[in-house]
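The structure under discussion appears below in the form of structure tokens.
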Amino acid sequence: MKVLVTGFGPFPGMPHNISGDIATTCAEIWNSRPDIQAQSLTLTTAWNTAPPAIIQHISWLQPDIIIHLGVSERAQHLTLETHAYNACCDTPDVTNQTAKRSLFNIEAPETVCTAVPVTKIVEQLEAAGHPVTISDDPGRYLCNAVYHTTLSMTGSQQPGTKALFIHIPTVLNENTVTRDILLAGLDIVLTVMAES
């Protein structure tokens, strides 16, 4: 089973984005499983490069599972995003550019939803003692843009691919979630997605 796990690089106000590091570590761990071929990708947090990069990697890898990771100040633990929106905020990216328009794809649907069994993932995480939140608002920054791009693409061109965006805390520690607990939770997410 092919897995693509992504994170992001730095952006204004976040000089070190842990999501890219966590994505890399997940791929390394998951590649030790005999049934998984995992590839990690750290996306540049830029309006003009992140969505095209994800399209290119999905086309090239043709993954069965895509797990996107991004940081959020609102996230205190794993936050599973169920929806993505065809809308952009005017927040500058790492190159100090803003989105060129309020819709990043005028031909795409306004709202797309994941087909991943989020409720089942939550049940398994909670059974293992992992705090988790379901969210239907990934914001309107590049996390949302990449997620919308992925869900739109997998829905039309790669309908067998399962995709989920997960927000994680900006800092991992005892007050939010430790790195080891986060990685264990992400392993559960992958297992449920692989079995669904």
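The values are calculated or read from the model by the stated rules, or taken from the named source; none is laboratory data. Given the structure is predicted, the values throughout are model-derived calculations rather than measurements. Counting neighbours? That spans all protein chains shown, and the Cβs are built from the backbone with ideal geometry, glycine included.
The residue pairs whose first member lies in the range 125-141 and is more than 14 Å from VAL71 (Cα to Cα), whose second member is loosely packed, with under 14 Cβ neighbours inside 10 Å and of a type outside the set (S, T, N, Q), and whose beta carbons are closer than 7 Å, counting only pairs six or more residues apart or on different chains, are VAL132/GLU126. Just need a number here: residues in the range 52-102 that are without any contact (Cβ under 8 Å) to a residue 40 or more places away in the chain and surrounded by 15 or more Cβ atoms within 10 Å (Cβ to Cβ). Number of matching residues: 1.
Residues that are assigned to a loop (DSSP other than H, G, I, E, B) and touching a strand residue (DSSP E or B) at 6+ places or on another chain (Cβ under 7 Å) were ranked within the range 31-46; the one that is nearest to CYS143 (Cα to Cα) is THR45. LEU151 passes every criterion in (1) touching a residue at least 40 places away in the same chain (Cβ under 8 Å); (2) in a loop (DSSP other than H, G, I, E, B) apart from (2).
Residue by residue, here is whether (1) farther than 22 Å from THR111 by Cβ; (2) modelled with pLDDT of 95 or more; (3) not polar (S, T, N, Q) holds:
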| residue | (1), (2), (3) |
| --- | --- |
| THR133 | no, yes, no |
| GLY155 | no, no, yes |
| LEU164 | no, yes, yes |
| THR170 | yes, no, no |
| GLU174 | yes, no, yes |
| THR178 | yes, no, no |
| ALA184 | yes, yes, yes |
| ILE188 | yes, yes, yes |
| THR191 | yes, yes, no |
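Residue-by-condition table, conditions (1) modelled with pLDDT under 95; (2) of a type in the set (A, V, I, L, M):
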| site | (1), (2) |
| --- | --- |
| THR6 | no, no |
| MET14 | yes, yes |
| SER32 | no, no |
| ILE36 | no, yes |
| LEU41 | no, yes |
| ILE67 | no, yes |
| THR82 | no, no |
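Set side by side, the residues ALA115, ALA194 differ, and just one is surrounded by 13 or more Cβ atoms within 10 Å (Cβ to Cβ) and assigned to a loop (DSSP other than H, G, I, E, B), which is ALA115.
Here is a check on your reading of the model: is ASP21 touching a residue at least 24 places away in the same chain (Cβ under 8 Å), farther than 21 Å from HIS148 by Cα and either assigned to a loop (DSSP other than H, G, I, E, B) or touching a strand residue (DSSP E or B) at 6+ places or on another chain (Cβ under 9 Å) (or both)?
Working: touching a residue at least 24 places away in the same chain (Cβ under 8 Å): no; farther than 21 Å from HIS148 by Cα: yes; either assigned to a loop (DSSP other than H, G, I, E, B) or touching a strand residue (DSSP E or B) at 6+ places or on another chain (Cβ under 9 Å) (or both): yes.
So ASP21 fails the test.
Is it true that some residue in the range 155-177 is of a type outside the set (D, E, K, R), part of a helix (DSSP H, G or I), touching a residue at least 24 places away in the same chain (Cβ under 8 Å) and closer than 19 Å to ALA87 by Cα? Yes, the range 155-177 contains at least one residue that is of a type outside the set (D, E, K, R), part of a helix (DSSP H, G or I), touching a residue at least 24 places away in the same chain (Cβ under 8 Å) and closer than 19 Å to ALA87 by Cα.
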